[in-house]
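Below: one structure, written as structure tokens.
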Amino acid sequence: MDIELLSTFILAIIFIKILISASEKFGLQDIPNSRSSHKRIIPRSAGIGFTLAVFLSTLVFNYDYFMEYIHLYVAILIVALVGLYDDKMNLSHRVKFILIILISTYVVLNGVLIDTLGSYFGFPILLPMAVGIPITILAIVGFTNALNLMDGLDGLAGTLALIMMVVFLMVGIVHDDIFLITLSSTFIVSLVVFLAFNWYPASIFMGDSGSLTLGFVISILSIKSLAYLSPIAIIFIVALPIIDTYIVIFRRLQRGQSPFKADKNHLHHFLYKTKLNVKISVMMLVYIQLTLSIIGFQMRESNQIISLIVFALLVFLFLSLFDQRFKHRNKKPKIKKKKKSQK
């Protein structure tokens, strides 16, 4: 494991440095637009670099394990390649969505399946395969895109993903689960390297090749952790992207807009507009996610009804606090003076 992690670390540095120096040649640059928080052209697609680092180091130094889970690693690599193609060619949202659905279906058919919604009042809710398969696909696709939408400020998505993976590593260590330990630890190492280049002011962005891949990997870790944790505990561990997506969709529907319409109403947009400081905005969301992940890990054996009620109250609290309309509500209406008619 030590040599595997060391090789992941070294390869991640090499690949990311190559992407930074050759981004213009590869056509992998993020050009600012009306929704960007940066003002200069930045290299992107570091995600393919840190994913390749994990893929190759695991293949070479942990071959037997890699072959046992080859279908999952191939799926992860395909997601990264889809993201890379999107970074370069700008895939339509519909095509990208369909591709993620197909890849998610592939991993579900290879054993990554939600087969329970937990136990309530002493009664477990078990899902038959016909129900579990579409729910699992929806969960993977939903969270993969949710984390992708959180990638709006330097260091944000990478740090949130790092926190979640550290918790899943702890779950793996507690229960001696080799898959959870290996997949999470190798991505943790590669993310640490990436964040050294991505922290404000960023030298490179992860791009969709990174955010989609991380969302996909965390989805797999979450589902695999159902063997040890309650579904509500896992929702707390990965809470912030879920809450952010819910709030944004809710607000869009309130306004009569399409839930898929792009806007600047995410949590990080709200904080950035309020604080006008990338570091403060990112750290506030990081502390929130860290708190929620710790709560999720600690409540792994708690009453699921209470946990569900707490999460519902939490969503309501976020919905109330992170409301873009506050600034309009607090403004006093201006009284227009009527011009006197001249005789």
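Bear in mind these aren't lab numbers, they're just calculated from the coordinates by the rules spelled out. Every value quoted in this text rests on a predicted model; they were computed, and no experiment measured them. Virtual Cβ from ideal backbone geometry, glycine too; neighbours counted across all protein chains shown.
What FRET efficiency do you get for I306 and T274 if R0 is 45 Å and r is their Cβ-Cβ distance, rounded to the nearest 0.05?
After rounding to 0.05, the efficiency reads 0.90.
Which of S222, S45 has the fewest other C-beta atoms within 10 Å, and how do the rest follow up to the most? Don't skip to the answer; put the middle values down first.
Details: S222 22, S45 28.
Ranked by crowding around the Cβ, least crowded first: S222, S45.
Check which residues have an amide H placed less than 5 Å from Q29's amide H, if you skip close sequence neighbours.
Amide H neighbours of Q29, under 5 Å, 5+ apart: R44.
What spacing in nm lies between the two simple spin-label points modelled at Y200 and L253, each 7 Å away from Cα in the Cβ direction?
3.2 nm
Any chance you could run the full-extension gain for F97 through L56? It's 0.36 nm times the residue separation minus the Cα-Cα distance, nm to one decimal. Mind dumping the intermediate values first?
On the way: separation 41, 0.36 × 41 = 14.76 nm, distance 2.68 nm.
Extending this stretch completely gives an extra 12.1 nm.
How big is the charge dipole of segment 65-198 about its Cα centre, in debye rounded to the nearest 20, if each Lys and Arg gets +1 on its Cβ and each Asp and Glu gets -1 on its Cβ?
Details: 3 positive and 8 negative charges, 66 e Å.
The dipole magnitude comes to about 320 debye.
If you add up the charges near V108, with Lys and Arg at +1 and Asp and Glu at -1, over every other residue whose beta carbon is less than 13 angstrom from its beta carbon, what do you get? Can you show the working numbers first?
On the way: positive: K224; negative: D115.
Every neighbour counted, the sum reads 0.
Report the semi-axes of the equivalent ellipsoid for segment 121-185 in whole Å, largest first, where each axis is √(5λ) for an eigenvalue λ of the Cα gyration tensor.
Details: eigenvalues 132, 82, 23 Å².
Computed over segment 121-185, the values are 26, 20, 11 Å.
If you average 1/r over every pair of different alpha-carbon atoms in segment 62-204 and take one over that average, what Kirkwood value in Å do you get?
Values: mean 1/r = 0.0584 Å⁻¹.
Computed over Cα pairs of segment 62-204, the Kirkwood hydrodynamic radius comes out at 17.1 Å.
If packing is taken as the average count of other Cβ atoms within 10 Å, what order do 164-173, 19-28, 232-241, 289-298 fall into, highest mean first? Mind showing how you got there, number by number?
Numbers: 164-173: 21.9, 19-28: 14.5, 232-241: 24.9, 289-298: 18.6.
In descending order of packing, they fall as 232-241, 164-173, 289-298, 19-28.
Say each of N110 and S320 gets a label point 7 Å from the Cα, pointing the same way as Cα to Cβ; how far apart are those two points in nm?
Result: 4.6 nm between the two label points.
Tell me, what HN-Hα J-couplings in whole Hz come from the Karplus equation 6.51 cos²θ - 1.76 cosθ + 1.60 at θ = phi - 60° for each residue of segment 67-82, using x for Gly and Pro?
Those phi angles translate into 5, 5, 10, 4, 4, 6, 5, 5, 4, 4, 5, 5, 4, 4, 5, 4 Hz.
Provide Rg and Dmax in Å for segment 1-92, with only Cα atoms included in the calculation.
My reading of the Cα-based Rg and Dmax gives 15.2, 48 Å.
If you build the convex hull over the alpha carbons only and average its shadow over all orientations, what do you get for segment 125-267? Give it in nm² to one decimal.
Details: hull surface 38.3 nm².
One quarter of the hull surface, i.e. the mean projection, equals 9.6 nm².
Going toward the positive end of the dipole of segment 7-94, with +1 on Lys and Arg Cβ and -1 on Asp and Glu Cβ, which of F55, S23, I13 do you reach last?
S23
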